[in-house]
Amino acid sequence: RSIVTVLDEGVLVFDRRWRLRAFNPAAVRALQLPLRAGQRLSSLLRTWVPVGDGERPLAGTELRPLARSAATSGFQGRMLRVRGRADGRQRSLRLGGEPVRDPDSGHVGAVVISLTDVTERQLADAELLRHRDRLEEHVAQRTAQLSEANRALQENERFIQSVADNQPGMLAYWD
């Protein structure tokens, strides 16, 4: 229990009827809502709305394969975006799920869901991409400026060479 308490990754344990049986403090932080034993998964979905492409809320039928996968074979690294019903704030969660089977019968007795809030990391990644794109623009501009300066220098050298070549006597110059 103490190992799970200090994890940065949120851990939720649901029974076969998707009632919350246990959770750690990181799950409370990631979901940003009070959790209590016995709480149904559906009550969590009243606070956070899973959203898909185009910000459209996901229907229960779209979430069932994820729940089925968690309860049968498990999964890792699935991304789920959620929007708070009250404030509209969006969060991105990385999820994993694994069934807990009775060692004797092999029946699923519980499902462990792990979650990590990756919202800030995604924002930092997007910011990094913006800075990289801006840097590429600066490099392209500076390269164009240097190419123009190099072209002008070569033109000046050709002019000076042509003047020197066309002088009847010896000519010297200092730069």
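The values are calculated or read from the model by the stated rules, or taken from the named source; none is laboratory data. Keep in mind that what you see is a predicted model, and the values were worked out from it rather than measured. To get the accessible areas, we keep the full protein, side chains included, count just its heavy atoms, and leave off ligands, DNA and RNA. Shrake-Rupley method; radii C 1.70, N 1.55, O 1.52, S 1.80 Å.
Quick notes on this structure:
- The chain - percent of accessible surface contributed by carbon and sulfur, probe 1.4 Å: 55
- Here log10 I(q)/I(0) by the Debye sum over Cα atoms at q = 0.12 Å⁻¹ was calculated from the structure, and among [x] -0.58; [y] -0.69; [z] -0.80 it sits at label [y].
- Stretching the chain fully between residue 89 and residue 124 yields a gain of 10.9 nm (0.36 nm per residue, less the alpha carbon separation).
- Sequence-separation-based contact order of the chain, relative, with Cα cut under 8 Å and 6+ spacing, percent: 18
- Scattering profile of the stretch 17-97 at q = 0.20, 0.26 Å⁻¹ [log10 I(q)/I(0), Debye over alpha-carbon scatterers]: -1.05, -1.70
- Within the listed set 137, 127, 62, the residue fluctuating most in the Gaussian network model of the chain (springs between alpha-carbon atoms under 10 angstrom) is 137.
- Counted residue by residue at 0.36 nm each, then reduced by the alpha carbon distance between them, the extension gain from residue 22 to residue 51 reaches 7.9 nm.
- Amide hydrogen neighbours beyond the local backbone of residue 100, cut-off 5 Å, H modeled: 109, 110, 111, 112
- Expressed in units of 2.2 N^0.38 Å, where N is the residue count, the Cα radius of gyration of the stretch 83-155 is 2.34.
- Heavy-atom surface of the chain, accessible at 1.4 Å and reported per residue (Å²): 71
- Among 151, 132, 40, residue whose mean-square fluctuation peaks in a GNM of the chain (springs only between Cα atoms under 10 Å): 151
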